[in-house]
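S.K.: Take a look at the following structure, please.
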């Protein structure tokens, strides 16, 4: 039995004694009134304290509304050192392995970077790490060396300061092996990064989308009046026993509060909602006005809190999608706000309503449907640079030059005349000079089958800052620009997704195919930047091979931040699908751990290039045209 139950029992007992004393004066032997008042007052104070502590621990049971004004912030790779070390290429570090310390894991990572990026023999790399000769940073070298710590280092390690400082210096030194520089401020403070440290940028808040997983209607008690009944029993009992009118009056007032809270009905809230948009087919970047009207189809609603279901991919730029209201039967409330259109199809969710009764003792949470969809398809913006494809001639004529002679416009070679050769290809000048009859061969131009593959795995939804576009959004934007350019060059172009086989447009050409590809990149749910899709690797990879025609090369858009994507790309290359990678860089140098993630990504890109896969490393601030001008590095 807890303190609250004991005090309630005491209150009930006092109330019973007071009733007996009231009916038969003198039936209850009462002690001195001052002693009784002091004792009962102490019990009341104890009960008040217990109620206060219980309320502070449990709090009021009220619904938390979602932050619909903010778009979903992408994860920044490298904000967690443990996750960065896990699966680092060239090491055996796995998730949940607690047998080795971070110091030992960093030693493995340093050796792996020396081997994979610097070309050092694995045994020699391990020796350099153990001897402390792998870096010029004395702190980092001694941290990973096998030598025992000095006395001063042991003393500082007791307070954790040395290990934090040395670990950060070591992480930065490892990243420096791949050419990763420190952040702009160069801060190397001891507390710059921890194993679970996350970047915190002022004004950026992660988004909680609460309406998607809520029940259509939920009722609950808020516990706003918790403890009133016990206060009633104590006050009334104390007032009757001591014949103190003031105390008795306080109990009567408390009875009124308790009766009011219990007598106020929850009621059934019946609402309907409608939503109108200033434009349902906008251009990306247009500002849309959203108007929501909620109507009360039931009884009196004294306290309504309304939150509109703004799509997670759209940010509110003006006004507020929230409103509080009191509605009588048949009344309506209208409110407006503005959002900025982004490419894709965006579905507004239901209006979230939190309705409380007049006493604030109970509330209902319900979703009011108001289905609305907008679609923003960007206008074609082909890149004006030639797209560097792998040489792979096919039977289809196009604009890609080959090393084979035949019909074309660029001179290739001269051969002996064969009966049936076109008269227009005979070298008449040579005939006039030497009397020989020869035929001119031109460099054949063939079309290439190309499939643009966008990485939509959960690992790809990362960005260089919480407020930046994630790698999937950048990849889709690039694919939207490269698709019409490849078609204009005469290639057969298709579209697919890396991570699921549910979205696939076979390579083709023509006006109708151009429109299908444009609509798919802008509206397909799998390619929607607010939907994370993933399926089992073996399934979608097998399905993809069934969908891909022979002699097809792949242009893959992926941030390449995990080893799994490297393994899959190498497998596709081995399946005789020549692969080129355009990799939007999502890494940053804000913390030592983030710099280590950038080094890890560079190591992964190096693995791809060593396999012979061309890689274009696409920095966030660089236009895609500038990337295409660069020569893809394969070594």
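No lab work stands behind these numbers, since they all come straight from the coordinates. Only a predicted model underlies this, so the values are computations on that prediction, with no experimental measurement involved. Virtual Cβ from ideal backbone geometry, glycine too; neighbours counted across all protein chains shown.
S.K.: Please find the FRET efficiency linking residue 281 to residue 629, where r is the Cβ-Cβ separation and R0 is fixed at 25 Å, and quote it to the nearest 0.05. Could you put the intermediate results ahead of the total?
M.R.: Values: r = 35 Å, r/R0 = 1.40.
Computed FRET efficiency for residue 281 and residue 629: 0.10.
S.K.: Can you sort 453, 597, 423 from fewest to most other Cβ atoms within 10 Å of each residue's own Cβ?
M.R.: Values: 453 27, 597 30, 423 7.
Listing 453, 597, 423 from fewest to most nearby Cβ atoms yields 423, 453, 597.
S.K.: Right, another one. Listed highest first by mean packing, meaning other Cβ atoms within 10 Å per residue, what order do 520-526, 270-276, 576-582 come in? Intermediate values should be presented prior to the final figure.
M.R.: Values: 520-526: 18.1, 270-276: 16.1, 576-582: 21.0.
Output ranking for 520-526, 270-276, 576-582: 576-582, 520-526, 270-276.
S.K.: By how many nm would the segment from residue 415 to residue 329 grow when fully extended, if each residue of separation counts as 0.36 nm and the alpha-carbon distance is taken off? Display every interim value, and only then the final one.
M.R.: Details: separation 86, 0.36 × 86 = 30.96 nm, distance 9.29 nm.
Going from the current span to full extension adds 21.7 nm.
S.K.: Here is a follow-up. Over 15 Å apart: what share of the alpha carbon pairs of region 267-376 falls there, rounded to a whole percent?
M.R.: Details: 3701 of 5995 pairs.
Distances greater than 15 Å cover 62 percent of the Cα pairs.
S.K.: Which of 489, 625, 537 comes first, and how do the rest follow, when ranked by fewest Cβ neighbours within 10 Å? If you can, show how the numbers build up before the last one.
M.R.: Values: 489 19, 625 11, 537 14.
Neighbour counts put them in this order, fewest first: 625, 537, 489.
S.K.: Rounded to the nearest 0.05, what FRET efficiency do residue 318 and residue 539 give with R0 = 41 Å and r taken as the Cβ-Cβ distance? Could you check? Don't skip to the end; give the middle numbers.
M.R.: On the way: r = 45 Å, r/R0 = 1.09.
It comes to 0.35.
S.K.: For 426, 624, 374, what ranking results if the residue with the fewest other Cβ atoms within 10 Å of its Cβ goes first?
M.R.: Working: 426 15, 624 18, 374 22.
Ranking 426, 624, 374 by Cβ neighbours within 10 Å, fewest first, gives 426, 624, 374.
S.K.: Follow-up. Can you pull the Rg over Rh of region 567-615, Cα-only, Kirkwood?
M.R.: Expressed as Rg/Rh, it is 1.08.
S.K.: Between residue 425 and residue 546, what FRET efficiency comes out of the Förster formula 1/(1 + (r/R0)^6) with R0 = 56 Å and r the beta carbon distance, rounded to 0.05? Write out the running numbers ahead of the final one.
M.R.: On the way: r = 42 Å, r/R0 = 0.75.
Here the calculated transfer efficiency is 0.85.
S.K.: What is the spin-label model distance, in nm, from residue 571 to residue 124 if the labels are put 7 Å beyond Cα along the C-beta direction?
M.R.: 3.4 nm
S.K.: Of all the Cα-Cα pairs you can form in region 449-629, what percent are over 21 Å apart? It would help to have the intermediate numbers written out before the result.
M.R.: On the way: 7548 of 16290 pairs.
Counting pairs separated by more than 21 Å, the tail of P(r) holds 46 percent.
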